[in-house]
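Bear in mind that the values in this text are calculations on the coordinates, not laboratory data. Computed from a predicted structure; not experimentally measured. Cβ: placed from backbone, ideal geometry, glycine included. Neighbour counts: every protein chain shown.
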Amino acid sequence: MNIFRLAGDMTHLASVLVLLLKIHTIKSCAGISLKTQELYAIVFATRYLDIFTDFISLYNTIMKLIFLGSSFSIVWYIRQHKIVRRSYDKDQDTFRYVFIVLPCIFLALIINEKFTFKEVMWTFSLYLEAVAILPQLVLLQRTRNIDNLTGQYVFLLGAYRALYILNWIYRYFTEPHYIHWIPWIAGIVQTLLYGDFFYYYFHSWKNNKKLQLPA
Amino acid sequence: KEQPQGHDEL
């Protein structure tokens, strides 16, 4: 565990928790793409299939449980909570799941480190995480509304991406045989897409006068 | 040294 990895995990965790707490507190999910949040929940569910079979560390297990719990809680709030669900704008959140999920399944089946169920699911989760932000991007472009997407959420997600790449560079030079092309390439694609997200966010912020950052 | 089994990143 290096400092980049720990900081990356913490910012990733914070991004999810900030979103969950915000939805819980203001009882609104306006501007948030349910599809992106559902895809993230699928990402964690398919990636952490090893949670009860391969023990890595207490830290690892607890973090996995928190990610699973918080991502499914966000989806529950948007779909089921009697007040929050009214603020969800279904008509704007139109990205089709199949365009994201099917290519990821296909890619995971042909490009993976090992052709086993767990390994293919793990690989699928990496590909899916890389593109799961797309429905959120489409929603953002369509509504041009960034007020409801907190500055913190965007900032923390971006910090997580950047720190994970630094972590990989660090591990590449400090650990023998640390070469993982699949997560690296998927991670770089994800970071580039995030850059697009950040661009719109910044652009709106620049033109749009006031962006309310939560306290 | 061989790579450890499993994926240790989140």
Any residue at all in region A:24-33 that is part of a helix (DSSP H, G or I) and surrounded by 16 or more Cβ atoms within 10 Å (Cβ to Cβ)?
-> no
Flagged pairs (Cβ under 7 angstrom, 6 or more apart or on separate chains; first in region A:36-49, without any contact (Cβ under 8 Å) to a residue 40 or more places away in the chain; second crowded, with 22+ Cβ neighbours inside 10 Å) are A:Ala41/A:Ser71
Quick one: count up the residues across region A:155-196 that are within 13 Å of chain B (Cβ to nearest Cβ) and of a type in the set (Gly, Ala, Ser).
-> 2
Picked from region A:34-66 (must be not in a helix (DSSP H, G or I) and not polar (S, T, N, Q)), the residue farthest from A:Ala162 (Cα to Cα) is A:Phe52
Sole exception among (1) under 17 Å from A:Val154 (Cβ atoms); (2) assigned to a loop (DSSP other than H, G, I, E, B) for A:Ile74, by number = (2)
Kindly indicate the residue of region A:56-74 that is more than 15 Å from the chain's Cα centre (by Cα) and under 21 Å from A:Asn2 (Cβ atoms) and also nearest to the other protein chains (Cβ to nearest Cβ) among those meeting that condition.
-> A:Ile56
Considering region A:173-194 alone, what residues qualify as being surrounded by 13 or more Cβ atoms within 10 Å (Cβ to Cβ), part of a helix (DSSP H, G or I) and not hydroxyl-bearing (Ser, Thr, Tyr)?
-> A:Ile182, A:Pro183, A:Trp184, A:Ile185, A:Ala186, A:Gly187, A:Ile188, A:Val189, A:Gln190, A:Leu193
Among the numbered criteria (1) among the small types (Gly, Ala, Ser); (2) without any contact (Cβ under 8 Å) to a residue 40 or more places away in the chain; (3) farther than 23 Å from A:Pro183 by Cβ, which single criterion is violated by A:Ser33?
-> (2)
